[in-house]
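Below: one structure, written as structure tokens.
The values are calculated or read from the model by the stated rules, or taken from the named source; none is laboratory data. These numbers come from a predicted model, not from an experiment. Here the Cβ is made from the backbone with ideal geometry for all residues, glycine too, and neighbour counts use every protein chain on show. Accessible surface is based on the protein model in full, side chains and every heavy atom, while ligands, DNA and RNA are left aside. Shrake-Rupley method; radii C 1.70, N 1.55, O 1.52, S 1.80 Å.
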Amino acid sequence: MPTGKKDSALKANSSSLSSLHPPYIQMISEAITTMKDRTGSSQPAIAKFIEENYTKLLPPNFKKILSIQLKRFVKSEKLVKVKNSYKVSAAENHQFQHRRKRAQFRKRRPQTNQLLRETPRQKLPSGRRQRG
């Protein structure tokens, strides 16, 4: 019978592992869209892509978790299974592209507070501030 200390240590260990890598739907969507295969991407191809990009962050039983996640996403209609390949559903693809564009926009856009600090308003000789 497990003790309370072992259970809490196991939960802490599993939660720290899951926080190291992005969510599976994000990694799978990235793999499928990057490969740009017209007929979709197979499970081994998706696993290979994720292993190449997230090697140090993945748990040892990654391939088993991936197969379970693929089945779960097909059932929830986030992915579409065609023969032995997977495609991102139209709704999920739209959300993925929207998130990607929003992240790129955040990187490009300078902070407005920094711009305001760099260009202070000039004072007029009479002590009034310049409009602008």
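Of all accessible surface on the range 16-72 at a 1.4 Å probe, what whole percent is carbon and sulfur?
Details: 1930 of 3430 Å².
Ligands and nucleic acids excluded, carbon and sulfur give 56 percent.
What pairs from Lys36/Lys75; Lys48/Lys81; Lys36/Lys101; Lys63/Lys87; Lys48/Lys87; Lys56/Lys87 go past 20 Å between their alpha carbons? Before the final figure, lay out each step's value.
Working: Lys36/Lys75 23 Å; Lys48/Lys81 18 Å; Lys36/Lys101 18 Å; Lys63/Lys87 18 Å; Lys48/Lys87 16 Å; Lys56/Lys87 26 Å.
Those over the limit are Lys36/Lys75; Lys56/Lys87.
Sorted by mean Cβ packing within 10 Å, highest first, what order do the peptides 33-44, 62-73 take?
Details: 33-44: 13.2, 62-73: 15.3.
Highest mean packing first, the order is 62-73, 33-44.
Using r as the Cβ-Cβ distance of Lys71 and Lys101, and R0 as 25 Å, what FRET efficiency do you calculate, to the nearest 0.05?
Numbers: r = 29 Å, r/R0 = 1.18.
Rounded to the nearest 0.05, the efficiency is 0.25.
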